[in-house]
1. Residues of the range 443-459 being over 21 Å from the mean Cα position of the chain (by Cα) and in a loop (DSSP other than H, G, I, E, B), which ones?
2. If you check GLY388 against the conditions, is it part of a loop (DSSP other than H, G, I, E, B), of a type outside the set (Ser, Thr, Tyr), within 29 Å of MET186 (Cα to Cα) and touching a Gly at 6+ places or on another chain (Cβ under 8 Å)?
3. Would you confirm whether or not the range 316-325 contains a residue that is at pLDDT 95 or above, surrounded by 24 or more Cβ atoms within 10 Å (Cβ to Cβ) and not small (Gly, Ala, Ser)?
4. Could you give me the residue pairs with C-beta distances under 8 Å whose first residue belongs to the range 149-161 and is under 8 Å from SER18 (Cα atoms) and open to solvent by less than 10 Å² (accessible area, probe 1.4 Å), whose second residue is among the hydrophobic types (A, V, I, L, M, F, W, C) and part of a loop (DSSP other than H, G, I, E, B) wherever it lies, and which are 6+ apart or on separate chains?
5. If the Cβ limit is 6 Å and pairs must be 6+ apart or interchain, which residue in the range 1-14 that is farther than 16 Å from ASP215 by Cβ and at pLDDT 95 or above pairs with which residue that is part of a strand (DSSP E or B) and open to solvent by less than 10 Å² (accessible area, probe 1.4 Å)?
6. Quick one: which of PRO124, PRO177 is in a loop (DSSP other than H, G, I, E, B), touching a residue at least 12 places away in the same chain (Cβ under 8 Å), open to solvent by 40 Å² or more (accessible area, probe 1.4 Å) and touching a strand residue (DSSP E or B) at 6+ places or on another chain (Cβ under 6 Å)?
7. Taking the condition of being under 17 Å from ILE72 (Cα atoms) and outside any strand (DSSP E or B), how many residues in the range 127-156 meet it?
8. Looking at the range 345-358 only, could you name the residues that are modelled with pLDDT of 95 or more and not charged (D, E, K, R)?
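The values are calculated or read from the model by the stated rules, or taken from the named source; none is laboratory data. Since we're looking at a predicted model, the values are computed, not measured. So basically every Cβ, Gly included, is an ideal-geometry build from the backbone, and we count neighbours across all protein chains shown. Only protein heavy atoms, including side chains, enter the accessible area calculation; ligands, DNA and RNA are left aside. Shrake-Rupley method; radii C 1.70, N 1.55, O 1.52, S 1.80 Å.
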Amino acid sequence: MFLSVFDVFKIGIGPSSSHTMGPMTAARRFLDDLAAGNWPRAARARPAAITASLHGSLAFTGIGHGSDRAVILGLAGEDPRTVDPDAMDHIIAEIRQTGRVSPPGHPAYRFRPAVDLVFDKQTPLPGHPNGLQFCAFDSDGQLLLRRIYYSIGGGFVVTAEELDAVRSASPAEADVPWPFADAREMLEMAKRSGLSIAAMKRANEEARLSRSRLDRQLDEIWQTMSGCIDRGLDQRGELPGGLKVKRRAAAIHATLQDKWQRNEIDPLAANDWLSVFAMAVNEENAAGGRVVTAPTNGAAGVIPAVMRYAIQFNAGTGDTAIRDFLLTAAAIGGIIKHRASISGAEVGCQGEVGSASAMAAAGLCAILGGTPEQVENAAEIALEHHLGMTCDPVGGLVQIPCIERNAFGAVKAVTAASLALKGDGTHAVPLDACVETMRQTGQDMNEKYKETSLGGLAVNVVAC
């Protein structure tokens, strides 16, 4: 197993990595299977119609997360990284009207979203709470191909067989110089090599990519994150979905800018800047804009907020520091994903905003001169204080409490980095123990608190 920085940070669209980007990717994978002719050789006819069903959390909150739209776009051949957000409504409307999809390189297939796309709340699939099933039929209605996929968080999509391989694999199986499987191994390798966590992660990446390409792609990730902040700070009005949630980032930012220009002292300024950067990203995510999974869309604002904060308040944060931040954060995110989960449908929001906060704390601690031990401590502090956090989005939308929750995740990340830097890296709770606790807590958590909108705020706040 090798989890690249570009597996952790993926460019895509909102509002959800597991419920939007994942279903779109799964639909495209099904098209690839159709193009490869992976149906029984005895069948002479060719596929003429497609159906799809969403299961588990995807069925319960798929409408609010745009999962139906994502499947339609994926079957039309669109990709989360390249789809034009401004063109999506037109593509979807045309398919709903014609009842057909015509992906590039394929014949037209019958696909009537109102009939052929089912939100199945009664039949969970065994591998993961986010399951999808696609079927292809010939013109006589004979089943030719059935495929099941799981959207396991952060835009990752796997088959049942691939899911088993992911869960059983170890980084030691990867052909990289520093194949750490957990934080303990990471610290041991750092001590033995004298390298920082970012340097080890860079060496692992450069086993597959040239240095110039790695830096170019890291820069693209940050430019996309930064562009998302800027768009969010410029937009006003209500977010889509029916909750009538107003965008607040632009107005808050205008107030902060005014105080900044007047050199007005404000004891809350640090929190306010962190919060407005995070909210800008997650308002854009809620509107279906271009975002980066960090490590998920629901937690996409935490890391960009802390990075922008570091740039604005620390003159030494240049290109090299930004790359080291992302590499360090990805190392921590990879450990969490491998040892537990980053999926809200699997472990609740502790796996999304909690993981993002841990990653951001580690990245900030690293670029402020923290040792590997201090970086690990920063990640542990941030994750520890998100343990038990549920995922109960009101109306199934990534708005309440998700937008403000990212602001708090960013504030906690900076606090965790600061506390870690004040110590020498020794601490009572290892990061590995905290990650395992998150896994166990998620396993014990009632399903209604794991992205189904069947409990918590989702049922105690009137969605109007």
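1. ASN446, LEU454, GLY455, GLY456
2. Working: part of a loop (DSSP other than H, G, I, E, B): yes; of a type outside the set (Ser, Thr, Tyr): yes; within 29 Å of MET186 (Cα to Cα): yes; touching a Gly at 6+ places or on another chain (Cβ under 8 Å): yes.
Judged against the criteria, GLY388 is a match.
3. Looking through the range 316-325, at least one residue is at pLDDT 95 or above, surrounded by 24 or more Cβ atoms within 10 Å (Cβ to Cβ) and not small (Gly, Ala, Ser).
4. Listed by first residue and then by second, the contacts come to GLY153/ILE342; GLY154/ILE342.
5. ILE11/VAL292
6. Details: PRO177 fails: touching a strand residue (DSSP E or B) at 6+ places or on another chain (Cβ under 6 Å).
Matching residue, one of PRO124, PRO177: PRO124.
7. Total satisfying the criteria: 1.
8. Those that are modelled with pLDDT of 95 or more and not charged (D, E, K, R): VAL347, GLY348, CYS349, GLN350, GLY351, VAL353, GLY354, SER355, ALA356, SER357, ALA358.
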